[in-house]
Protein chains: 2
Amino acid sequence: MTGTLKVALLGCGTVGSAVLRALQEQADDLGARIGCPVEVAGVAVRRPSHHPDVPAHLLTTDAHGLVTRDDVDLVVEVIGGIEPARSLMLAAFAAGKSVVSANKALLAEDGVVLHAAAAEAGVDLYYEAAVAGAIPILRPLRESLVGDQLSRIVGIVNGTTNYILSRMAETGAGFGEALAEATELGYAEADPTADVDGFDAAAKAAILASLAFHTPVAAADVHREGISTVTATDVARAAEIGCTVKLLAICERVPGNGSATGDSVAVRVHPAMIPTSHPLASVGGAFNAVFVEAESAGQLMFYGQGAGGEPTASAVLGDLVAVARNRVTGAPGPGVTGYANLAVRPMAETPTRYHVSLDVADKPGVLASVAQEFAQHGVSISTVRQTGRGDAATLVIVTHSAPDAALSATINALREMPAVRGVTSVLRVEGLQ
Amino acid sequence: MTGTLKVALLGCGTVGSAVLRALQEQADDLGARIGCPVEVAGVAVRRPSHHPDVPAHLLTTDAHGLVTRDDVDLVVEVIGGIEPARSLMLAAFAAGKSVVSANKALLAEDGVVLHAAAAEAGVDLYYEAAVAGAIPILRPLRESLVGDQLSRIVGIVNGTTNYILSRMAETGAGFGEALAEATELGYAEADPTADVDGFDAAAKAAILASLAFHTPVAAADVHREGISTVTATDVARAAEIGCTVKLLAICERVPGNGSATGDSVAVRVHPAMIPTSHPLASVGGAFNAVFVEAESAGQLMFYGQGAGGEPTASAVLGDLVAVARNRVTGAPGPGVTGYANLAVRPMAETPTRYHVSLDVADKPGVLASVAQEFAQHGVSISTVRQTGRGDAATLVIVTHSAPDAALSATINALREMPAVRGVTSVLRVEGLQ
């Protein structure tokens, strides 16, 4: 390829505007890094009148026409959502154009189909911006760690929920109060469902697991629990045992230990207590971090800003330069392999650990009967702390690892015990020795 | 390319053995990720009898013959040092073979020549393992962040010195005692010069700066101070002002602010106090971390194991798979650009901040005369703390930022002042607001 490399930009919101600005203001640097000049061929938007800052001759409402234009070399998709983003991407591949995307929802829903279409066309599909904003994590998984065997990823990949949980820990506020503050400050959207109920984190977990374990994982495969049920009591109880509460995206390869079904993957998003000494515990506010465990590399952590126009644009532009260089050399970069084709393990069978706080009657035999209930469900107890207060007592129990179904069945059984006046806090625990 | 991809391994020490083991034990996984089978063509060592675990038919003492063998597709260089590594790499390029290396000393000394030779031959040169062991940092700089403008990198990139400084902080030991412990435990080599005097970190700083700022920086361009002069007093003084002492590799782009000479880079390795709240402060023991500041991405941190056979092999194998995939697709990956060609700013002109502790006579006017000395050298003081003890007092001073030469001239002048009985601690300070 010679001449000038031309970029079609689909969408011009916060991220798109930042990408467009960089392509205009830093064209010389970007061109020097790519090996040829780069320019914007057009910007597809729904309402051109809403974009007075974009040169009028670039604006179009015909996204499909722009994507398939002969002079367009690569497409940047920052529309978000499933349609029309999916059709436009497929049209781009069919027309022989590489795509850079920030679209976690689409990649998590249809990554296999999109990668197959890109491979078929011999073009690139990169989407670093889809997970953890500016933090380079997908390329390290796809390329840097591709010679290693990954066992586990634990990420804080949603800034909104991390901000809310950080504020709950700092102020003692309940979820509703902290959410209201986050909304007021612009850290939470008017409809916070995607963040608060864990949909956003689940999409990112699916993408991380797919790349880390070389196996297809979709958002629907991810067990998902949000943070709206996390109480001020949960946060206080966590502090008492030297922990903090975080919404975690956890991707694990579970060894089959020679079973007929072989290894499997477990992918889940839920709030959990983690020790304050864990590297993820100090990731506060709107920051993101991804903790990776690999057989040879050991423990790694990637930390940075997980959202925002500029940080996300940094990730888009990194992919854009990489894809453009591939265009110059004439060969696409490495694709994504799904050869491992591992089964997804249901949450019920996934080993987890629980923290449980109970209000009980302070009389002989109560601890014994509670312990008996755990034993009947095959759940082993790690630590118990009993604190008396008059005729009542508080029991704080942390279990060893057991199948999640056994743990939740234990909790249900405890709620029915006459000696248990109330189950005041239940949260999973991660990262404890 | 079809058939089987064949790898020549140069060197079979700790890292080489781990790479060889992975290539043998994980050949199926690696082949699936590359897109074709991979096998070891030969292993060049100096003394074959020292390697009873390596199949005899693979061993050779003729490294040059192995590198240029027709059936070899790519070369892994883990010999280290300048020669014969350099000649072997150049021979590999001339024979059309890509190279994966872990050789920081060679890349920092001769990176420009080696990259030019690889580009000329249309092959790849990757060396993720050369900096910060298993931590993916060079590929993120070369590719993920290539669309951004980097302003600063601060790294803890030498595990030996970080272990020694961590132990000094934990136990109050002096440098000699902590070094002896590190040597006994195998964290320091018998001749610790390369680590302790900062040569290792300086080579890594040169490589980081070259990639981050798209400009050639060699090890000789790096201002280098080791940790052997760090005292127990320095470490105690750091703790008193809420700091900890780390050996830092600092790479900065210094804005030219429209001057005729333009922007420049300043690259330096020296011990410094950093606030305990800084993300790098909690990087303990033999761990490494690299903190990156970019215009759009903001602050990022990469954390993990910086040395050891297995972690380093993880980085080598990641590069190996990436280079092998490029071999399969038929085009090399993105090269390294040095287009920016920035001047290297001398340490004397580089802005830094100092912490100084002085024993002074406790009488009126001493603080005034000390402050006057700073002012005469154009150095502005940020904070002063004076503690009386009988007829003597301790002055602890933290300066604002000033050219390093002005700061060191101030220290020399203070040593000559009659009222100053002793300069008990001098260290630069980084990361303070």
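The values are calculated or read from the model by the stated rules, or taken from the named source; none is laboratory data. Only a predicted model underlies this, so the values are computations on that prediction, with no experimental measurement involved. Quick reminder, even Gly has a Cβ in these numbers, built from the backbone with ideal geometry, and neighbours come from all protein chains shown.
Summary of values
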| quantity | calculated |
| --- | --- |
| Of all residues making up the stretch B:275-314, the number that are touching a Ser or Thr at 6+ places or on another chain (Cβ under 7 Å) and within 20 Å of B:Pro140 (Cβ to Cβ) | 8 |
| Filter result (in contact with a Ser or Thr (Cβ under 7 Å, 6 or more places away or on another chain) and charged (D, E, K, R)) within the stretch A:105-162 | A:Asp124, A:Glu128, A:Arg139, A:Asp148 |
| Qualifying positions in the stretch A:253-278 - within 14 Å of chain B (Cβ to nearest Cβ) and in contact (Cβ under 8 Å) with a residue 60 or more places away in the chain | A:Arg253, A:Gly262, A:Asp263, A:Pro275, A:His278 |
| Qualifying positions in the stretch A:279-290 - in contact with a Leu (Cβ under 9 Å, 6 or more places away or on another chain) and either part of a loop (DSSP other than H, G, I, E, B) or more than 9 Å from chain B (Cβ to nearest Cβ) (or both) | A:Leu280, A:Val290 |
| Test: residue in the stretch B:143-154 that is touching a Gly at 6+ places or on another chain (Cβ under 6 Å) and outside the structural domain of B:Pro279 (by TED's automatic domain parsing) | no |
| Sole exception among (1) buried (at least 20 other Cβ atoms within 10 Å of the Cβ); (2) assigned to a loop (DSSP other than H, G, I, E, B); (3) more than 14 Å from chain B (Cβ to nearest Cβ) for A:Thr244, by number | (2) |
| Checklist (1) within 14 Å of chain A (Cβ to nearest Cβ); (2) touching an Asp or Glu at 6+ places or on another chain (Cβ under 7 Å) applied to B:Thr215, failing item | (2) |
| Single match in B:Thr387, B:Thr352 (criterion: in contact (Cβ under 8 Å) with a residue 60 or more places away in the chain and part of a strand (DSSP E or B)) | B:Thr352 |
| In the stretch A:361-374, the residues that are among the small types (Gly, Ala, Ser) and surrounded by 12 or more Cβ atoms within 10 Å (Cβ to Cβ) | A:Ala361, A:Ser369, A:Ala371 |
| A:Pro275 within 27 Å of A:Ile381 (Cα to Cα) and within 22 Å of the chain's Cα centre (by Cα) | yes |
| Residues of the stretch B:296-312 classified as in a helix (DSSP H, G or I), surrounded by fewer than 24 Cβ atoms within 10 Å (Cβ to Cβ) and of a type outside the set (D, E, K, R), total | 1 |
| Unique residue being surrounded by 14 or more Cβ atoms within 10 Å (Cβ to Cβ) and not in a strand (DSSP E or B) when the list is B:Val7, B:Val40, B:Val54 | B:Val54 |
| Test: residue in the stretch A:323-345 that is part of a strand (DSSP E or B) and either more than 9 Å from chain B (Cβ to nearest Cβ) or more than 20 Å from the chain's Cα centre (by Cα) (or both) | yes |
| Given (1) at pLDDT below 95; (2) facing chain B (nearest Cβ under 10 Å), number of the condition A:Val316 does not satisfy | (1) |
| From the options A:Glu295, A:Glu310, residue that is charged (D, E, K, R), within 10 Å of chain B (Cβ to nearest Cβ), in contact (Cβ under 8 Å) with a residue 24 or more places away in the chain and more than 30 Å from A:Gly16 (Cα to Cα) | A:Glu295 |
| Test: residue in the stretch B:93-100 that is touching a Leu at 6+ places or on another chain (Cβ under 9 Å) and among the basic types (Lys, Arg) | yes |
| Every residue from the stretch B:10-37 that is away from chain A (no Cβ under 12 Å), free of Cβ contacts under 8 Å to residues at least 60 places away in the same chain and assigned to a helix (DSSP H, G or I) | B:Leu20, B:Gln24 |
